[in-house]
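J.: Following this message is one structure expressed as structure tokens.
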Amino acid sequence: MKVFVTGATGYIGGSVATRLLERGDQVIGLARSDDAAAALKKRGIEPLAGDINAYTPIVEAAKRVDAVINTANADNAFVVHALLTGLRGSGKTLIQTSGSSVVGAYDNGEASEAIFDEDTPFTPQPEKAMRVAIDEQVLDAEGVRGIVIRPTLIYGRGIGVSATSIQLPKLIDVAKKHGVPRHVGPGLNLWSNVHIADVADLYLVALDKANAGSLFYAENGEASFKQVAQSIGRMLGMGDATKDWPIGEAVDGLGPGAYLSFGSNSRVRGKRSRELGWAPKMGTLFDEIEKGVYAEVYGKK
């Protein structure tokens, strides 16, 4: 199978591309620089010059592959339009990467009892309304086998070009800057989480088995952000002490994303994912922080 992967130099896309190569598929990856192209070539991926908004190259690439996996930007409606244009009427597969933050609310670090699976209705906050609309466009696309995967908080060592995730390094940097791990408000808000290797496996299972119009959550456990902060503190040799971060200060320190990336609850269950045959098997978030790639890259030297 020949697969076009946008975001092939990134954390998710690079890991998925590696899994595809390992099983003998051909992979084309979008490369927006000579360095990115060289990194892809080194891994056996055919580079396609252009960025995520390069309309014509993306349309043409979609036409000459068997499937497309979009991992570059969950909020970019333009690239999805281009990909669907290239795939229109072909019956080929488009897997769109979304995220479980779409179910988040302005919880400011407080806990919530709300838990969502793939069949649970919800109304997204304004920041995530575009992403949900993009997801629905992919799921409802005529003449295309549209699939959406919503990963939760991803952790672990990437198996592509990028080695580490996005959210956890930000919290590690905050702990180093302030001398103590911090969390939005009391940090009682819970997020489901999942190892990157298990995420990559779900993409392959969905590519092979899922029906058109399928939505999947990728999760394998959950933790509060206070628990995450405590784990970061242990990894950095700071102990279990943490400090509340009022939402105003958190937004100043982390940007507007503090509301839904770090202050919300995102508790989901991958019911449909497991029904499809996906079986996550990697270790826990805390093991990875304290003994895995985060300790290796960001821990005490």
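The values are calculated or read from the model by the stated rules, or taken from the named source; none is laboratory data. Owing to the predicted nature of the structure, the values given are computational and were not obtained by experimental measurement. We place every Cβ from the backbone using ideal geometry, glycine too, and count neighbours over all the protein chains shown.
J.: If residue 170 satisfies all but one of (1) free of Cβ contacts under 8 Å to residues at least 12 places away in the same chain; (2) crowded, with 16+ Cβ neighbours inside 10 Å, what's the number of the condition it fails?
T.: Checking residue 170 against (1) free of Cβ contacts under 8 Å to residues at least 12 places away in the same chain; (2) crowded, with 16+ Cβ neighbours inside 10 Å, the one that fails is (1).
J.: What are the residue pairs meeting all of these: first residue in the stretch 134-158, first residue in contact (Cβ under 8 Å) with a residue 40 or more places away in the chain and within 16 Å of residue 192 (Cβ to Cβ), second residue aromatic (Phe, Trp, Tyr) and surrounded by 23 or more Cβ atoms within 10 Å (Cβ to Cβ), Cβ atoms under 6 Å, and 6 or more apart or on different chains?
T.: As it stands, the answer is 149/216; 150/217; 153/191, since those pairs meet every condition given.
J.: Quick one: is residue 192 among the hydroxyl-bearing types (Ser, Thr, Tyr), crowded, with 20+ Cβ neighbours inside 10 Å and within 23 Å of residue 254 (Cβ to Cβ)?
T.: Values: among the hydroxyl-bearing types (Ser, Thr, Tyr): yes; crowded, with 20+ Cβ neighbours inside 10 Å: yes; within 23 Å of residue 254 (Cβ to Cβ): yes.
So residue 192 fits the description; yes.
J.: Sticking with this one: Mind checking which residues of the stretch 193-224 are touching a Gly at 6+ places or on another chain (Cβ under 7 Å) and over 19 Å from residue 159 (Cα atoms)?
T.: 209, 212, 213, 216, 217, 224
J.: Another question about this same structure. Given the residues 104, 86, 7, 29, which is the only one that is in contact with a helix residue (DSSP H, G or I) (Cβ under 8 Å, 6 or more places away or on another chain), in contact (Cβ under 8 Å) with a residue 24 or more places away in the chain and closer than 30 Å to residue 245 by Cα?
T.: Result: 104 is the single residue among 104, 86, 7, 29 that is in contact with a helix residue (DSSP H, G or I) (Cβ under 8 Å, 6 or more places away or on another chain), in contact (Cβ under 8 Å) with a residue 24 or more places away in the chain and closer than 30 Å to residue 245 by Cα.
J.: Based on what the data block shows, is residue 299 modelled with pLDDT of 95 or more, farther than 26 Å from residue 125 by Cβ, surrounded by fewer than 21 Cβ atoms within 10 Å (Cβ to Cβ) and in contact with a helix residue (DSSP H, G or I) (Cβ under 7 Å, 6 or more places away or on another chain)? Before the answer, list the steps.
T.: On the way: modelled with pLDDT of 95 or more: no; farther than 26 Å from residue 125 by Cβ: yes; surrounded by fewer than 21 Cβ atoms within 10 Å (Cβ to Cβ): yes; in contact with a helix residue (DSSP H, G or I) (Cβ under 7 Å, 6 or more places away or on another chain): yes.
No.
J.: Identify, please: which residue in the stretch 108-148 is in contact with a helix residue (DSSP H, G or I) (Cβ under 6 Å, 6 or more places away or on another chain) and assigned to a strand (DSSP E or B) and is, among those, farthest from residue 17 (Cα to Cα)?
T.: 116
J.: Now for a different question. Select, from 180, 199, 174, 228, the only residue that is among the aliphatic types (A, V, I, L, M) and within 21 Å of residue 70 (Cβ to Cβ).
T.: Numbers: 180 fails: within 21 Å of residue 70 (Cβ to Cβ); 174 fails: within 21 Å of residue 70 (Cβ to Cβ); 228 fails: within 21 Å of residue 70 (Cβ to Cβ).
The conditions single out 199.
J.: What is the one condition in (1) in contact with a Phe, Trp or Tyr (Cβ under 9 Å, 6 or more places away or on another chain); (2) of a type in the set (Gly, Ala, Ser); (3) crowded, with 20+ Cβ neighbours inside 10 Å that residue 200 does not satisfy?
T.: (1)
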